[in-house]
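The values are calculated or read from the model by the stated rules, or taken from the named source; none is laboratory data. For clarity, every value in this text was computed on a predicted model and none was experimentally measured. Please note: Cβ atoms are built from the backbone with ideal geometry, for glycine as well, and neighbour counts cover all protein chains shown.
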Amino acid sequence: MTALCACTKEETSQSQDGIVRAQEEDAIFETYFRLNNIDSVLRDPSGLMFRVHRTGGPETMKGSSVPTVIFTTKLVTGKIVQSSLGVPSMLDGRPLNQHIPGWQIGLSRIGKGGKMTLYIPSALAYGPAGISNVIPANAPLISEIELVDFKD
């Protein structure tokens, strides 16, 4: 059985741009790791990189679970762009499946009480849209997250 697929020139160009961007962001993170003496970074097949500092309890979240977290998210430059300011936050009560893909993938790897650092490529964060005046377009992010609790 043979399957044929046709892509437009624009789709091919966008796909190639995404590959190039992912390679550039990998290089940015590798430089960040080297400059900050960070090792033992794991990589998910999605491209998300992470370090688990504490695995937490045996129960893990589902997509419909509502997390309570203490977090700080920053640009690779170190500029903090979002933070719970050290206070547990339910993030407007949104379930995990309504957060950026990097958080969805990362937080599903730890249990209650777990703590991790996520190195999130822009494609798993806010992508080309960014967040006006907060997170630039195509910005890779670093999130330090402690999963305080979650509700199913």
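In the condition set (1) free of Cβ contacts under 8 Å to residues at least 12 places away in the same chain; (2) under 13 Å from residue 145 (Cβ atoms); (3) among the β-branched types (Val, Ile, Thr), residue 80 is compliant with all but (2). Cβ-Cβ distances below 6 Å connect the following pairs, each with a first residue in region 45-69 that is over 17 Å from residue 93 (Cα atoms), a second residue that is surrounded by fewer than 17 Cβ atoms within 10 Å (Cβ to Cβ) and among the β-branched types (Val, Ile, Thr), and a separation of six or more residues or different chains: 49/41; 51/41. As for region 33-53, it holds at least one residue that is part of a loop (DSSP other than H, G, I, E, B), modelled with pLDDT of 95 or more and among the β-branched types (Val, Ile, Thr). On the stretch given as region 31-52, residues that are within 16 Å of the chain's Cα centre (by Cα) and not aromatic (Phe, Trp, Tyr) total 11. How many of the residues in region 34-87 are over 30 Å from residue 19 (Cα atoms) and charged (D, E, K, R)? Here the count works out to 2.
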